[in-house]
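One structure below.
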Amino acid sequence: MSTLSSLRTLDLQSNPLTSIDELNNLKLNVLDAQNCKIEYLPTNLPYLYNLNMSSNNLEDLFGIGTLGRVSSRDKNFDFSHNRIEIVPPEISLIISWIQTFSVKNNHLSHLPKEFFGLYDGDKTQIDLSQNWFSDDELNLIKTTMQTKLPHVQVVY
């Protein structure tokens, strides 16, 4: 795969793939890998700005800081319908460029403080619904979002 230097868009959806590590270091802009069996994020896709990894077997988002890190374009990342328990602090490396971010229907019980470095714009959309946040944690997230990021559209 690494010889495909001009590849910018790749659709892998609905494949029995458990890994897409072969994509590391490609200059992909758009990757649709929804409805597979992928267990780990790809890493070092510095030009990526549109990623759909919904309905996989992800348990964490380690490596997210390497996705789209050299592209100043707004990022649209969908990680809904997985088993994600951890959004790591390394999200701070790309958080200011995130426009849409869905972690709907996962196993999250908290968010790192770095998550709240989002751009406070009315086009920024976040979906945190159907996770495992305690009532106290969810109230803290809501308060923080309303105080620090009042323009961001959030689904709880």
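Matching residues to (1) buried (at least 16 other Cβ atoms within 10 Å of the Cβ); (2) of a type in the set (A, V, I, L, M); (3) within 22 Å of L31 (Cβ to Cβ); (4) touching a Leu at 6+ places or on another chain (Cβ under 7 Å):
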position	(1), (2), (3), (4)
L61	yes, yes, yes, yes
N82	yes, no, yes, yes
I95	yes, yes, yes, yes
F101	yes, no, yes, no
K123	no, no, yes, no
E137	no, no, no, no
### Query
Of the residues that sit in segment 10-41 and are out of contact with any Asp or Glu (no Cβ under 8 Å at 6 or more places or on another chain) and open to solvent by 90 Å² or more (accessible area, probe 1.4 Å), which one is farthest from L58 (Cα to Cα)?
K27
### Task
Could you run through segment 110-121 and say how many residues are part of a loop (DSSP other than H, G, I, E, B) and over 20 Å from L58 (Cα atoms)?
4
### Task
Within segment 63-109, work out how many residues are β-branched (V, I, T), within 11 Å of the chain's Cα centre (by Cα) and assigned to a loop (DSSP other than H, G, I, E, B).
4
### Message
As an exercise: evaluate K27 against (1) under 15 Å from the mean Cα position of the chain (by Cα); (2) in a loop (DSSP other than H, G, I, E, B) and give the number of the one condition it does not meet.
### Response
(1)
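The values are calculated or read from the model by the stated rules, or taken from the named source; none is laboratory data. Remember, predicted model here, so these are calculated numbers, not experimental data. Note that we place each Cβ from the backbone using ideal geometry, even for glycine, and neighbour counts take in every protein chain shown. Surface areas here come from the heavy atoms of the whole protein model, side chains and all, with no ligands, DNA or RNA. Shrake-Rupley method; radii C 1.70, N 1.55, O 1.52, S 1.80 Å.
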